[in-house]
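Everything on this sheet refers to the single structure shown next.
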Amino acid sequence: MSIKLFELLLYASIYTVLISVVSILIGFAIAIFLSGMLLSRKAIFVVPAQIFISFFRGVPLLVQLLLIYNMLPAIGLNVPSIVAAIIGLSLCTAAYQAENMRGGFASVPVGLVESAEMVGLTPGQIFRRIKAPIALRLTFPALVNEAILILKASSLVSVVGVVELTRMAQDLAGSTFLPLQIFAAAGLIYLAINWLVALAGGLIERSLPGLPR
Amino acid sequence: MTFDINVILDQLPAITSGAGVTILIWVVGTIAAAILGFFVAVGRRFGGVLLDKALGFVVAVLRGTPFLIQIFLVYYGGPFIGLSLDPLPAGLIGISIYGAAYYSEIFRSGFMAVPRGHIEAGECVGLTQGQIIRRILLPEMTMLVLPPSLNMAVLLMKETAVLSIITVPELTATLSAIGAQQYAFVEALSVLALFYWVLVEITGRLGRLVETKFTRLRFSNA
């Protein structure tokens, strides 16, 4: 296997990282709303959020991607496959992140919220300055975990025709008849990316302020 | 957009066979993964430092790379090292090895959670290593590893869909093909999604039921 082939794989891995990062960020934004719905204690919010989460956690990501990829044109929306892929990954990770966030917000010590109320903070201030920072701190390790899961899961978007790392490896394996070397190299690149994410996550976690007890 | 479910229901025999393959791969793959994972965990716990390091490396690689890349390696790379497999066995082997990496971590954490004193007590009264595993470690850790094990089984059910990419004739492959033939993708994929959703929900609920039953058992013994 030549350097040229490895370069092509590395180039394609930029798309893997790009798709994953964008999906995780969009998923994070959706998850904030979903976790808010879950914690609202009003059935009209809680039940739809629960159904959303149950569906996107219960159906294989591959099936979700195929469904979105084929459903969008059927309802008259013709989007590039990379957009369909990002929509699919975002909705899926949103469901998982929402569960994590709900747990994070639920673990914010009641005493802290009560003392904030005592000193006259408004509900908006309590959310911004007490609940959100603590919940984010608590769920940060889970977020890093989710990022690694999505990086691996993004290999499935190769099926809807997005040329990221896995698709590039498939194409190269087909044209060079070197599947062992190419797929091993692709695996190595995934491993390296995930290792970097885990390393960075660990460093960031250590630099974050400790939790109130 | 039209939605005509009858084009799908006409193909019921093919769908049933695809669902059968999915469930077969899931059940056999999960059992194989759990058994293999258990032996990996035992090897890492009792096999010395070198074996622990070597197996730990393999597990880290399996957990750090996408399942799709792993089955591509087995299915497309296999013939180059004299391992030509049909899609179904390739998929079964792939999912068993992939699952084993995760199960070995579950069992390993189970081993570590059993208090050292219990094992030392077993050694003191002269139990062999096999007896210690069977009579102390296994019963004590069952409760701890049961919830993550059931969770992993559900994850593996969803991973079986990926095997459609290497043309294993399971449900995702079957329904995608029907969708293409009848030009009814949305109908076919909706049925597909519904199947997994229902199966995962049922398994999850059963899992929680088993958990509560076993938890009661443990506390009555404690």
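Rule-based calculations on the coordinates, nothing more; no lab input. The structure displayed is predicted, hence computed values, not measured ones. In this analysis, Cβ positions are derived from the backbone assuming ideal geometry, glycine residues included, and neighbour counts consider all displayed protein chains.
A few points about this structure:
- A convex hull fitted around the alpha carbon atoms of chain B yields 146 Å³ per residue.
- Debye log10 I(q)/I(0) for the protein assembly as shown, one point scatterer per Cα, at q = 0.06, 0.09, 0.11, 0.12 Å⁻¹: -0.29, -0.66, -0.99, -1.16
- Residue of A:Ile51, A:Ile86, A:Ile150 that the Gaussian network model of chain A assigns the largest fluctuation, springs spanning Cα pairs under 10 Å: A:Ile51
- Residue mean of other protein chain beta carbons inside 10 Å, A:162-170: 2
- Helix B:12-46 axis, angle to chain B major axis (alpha carbon atoms, nearest 10°): 20 degrees
- Rh by Kirkwood over Cα pairs, then Stokes-Einstein D for the range B:63-135 at 1.567 mPa s and 4 °C, µm²/s: 86 µm²/s
- Percent RCO, i.e. relative contact order, over the range A:14-162, from Cα pairs under 8 Å lying at least 6 residues apart: 36 percent
- Spin-label model distance (nm) - B:Leu50 vs B:Leu194, 7 Å beyond Cα toward Cβ: 5.8 nm
- Note on chain A: GNM, Cα springs under 10 Å; of A:Ala142, A:Ala192, A:Ala98, the largest mean-square fluctuation is that of A:Ala192.
- Estimated 222 nm signal from helices in the protein assembly as shown, with DSSP H stretches of n ≥ 4 weighted -39500 (n - 2.57), rounded to 500: -26500 deg cm²/dmol
- The range A:14-162 - charge dipole about Cα centre, Lys and Arg +1 at Cβ, Asp and Glu -1, debye rounded to 20: 140 debye
- Arranged from fewest to most other beta-carbon atoms within 10 Å of their beta carbon, B:Thr65, B:Thr142 become B:Thr142, B:Thr65.
- The Cα center of the range A:139-160 and the Cα center of the range B:73-106 differ in position by 22 Å.
- Estimated dipole of the range B:88-222 in Debye, rounded to 20 [Cβ of Lys and Arg +1, of Asp and Glu -1, Cα centre]: 440 debye
- Separation of the B:Leu155 and B:Leu206 label points, Cα + 7 Å toward Cβ, nm: 2.0 nm
- Qualifying trypsin sites (Lys or Arg not before Pro) in the range A:1-84, where qualification requires a DSSP coil assignment and no more than 14 other C-beta atoms within 10 Å, comprise A:Arg41, A:Lys42.
- Span-like helix check, chain A: qualifying full DSSP H segments, with Cα axial length of 30 Å or more and mean Kyte-Doolittle of 1.0 or more, are A:3-38, A:179-207.
- Cα long-axis angle, helix B:171-182 against chain B (0 to 90 degrees, to the nearest 10): 10 degrees
- Ordering B:Tyr98, B:Tyr183 by the number of other Cβ atoms within 10 Å of each residue's own Cβ, fewest first, gives B:Tyr183, B:Tyr98.
- What separates the Cα centres of the range B:109-132 and the range A:18-50 is a distance of 45 Å.
- Stokes-Einstein D for chain A, Kirkwood Rh over Cα pairs, 37 °C, 0.692 mPa s (µm²/s): 171 µm²/s
- Proximal lysine pairs, the protein assembly as shown, alpha carbons under 26 Å, eight or more residues apart or interchain: 5
- Lys/Arg +1, Asp/Glu -1 at C-beta; the range A:14-162 dipole; positive extreme among A:Met118, A:Gly27, A:Leu151: A:Met118
- Exposure proxy shown here: for A:Ser207, B:Ser149, A:Ser154, A:Ser54, the number of other Cβ atoms within 10 Å sets the order, fewest to most, as A:Ser207, A:Ser54, B:Ser149, A:Ser154.
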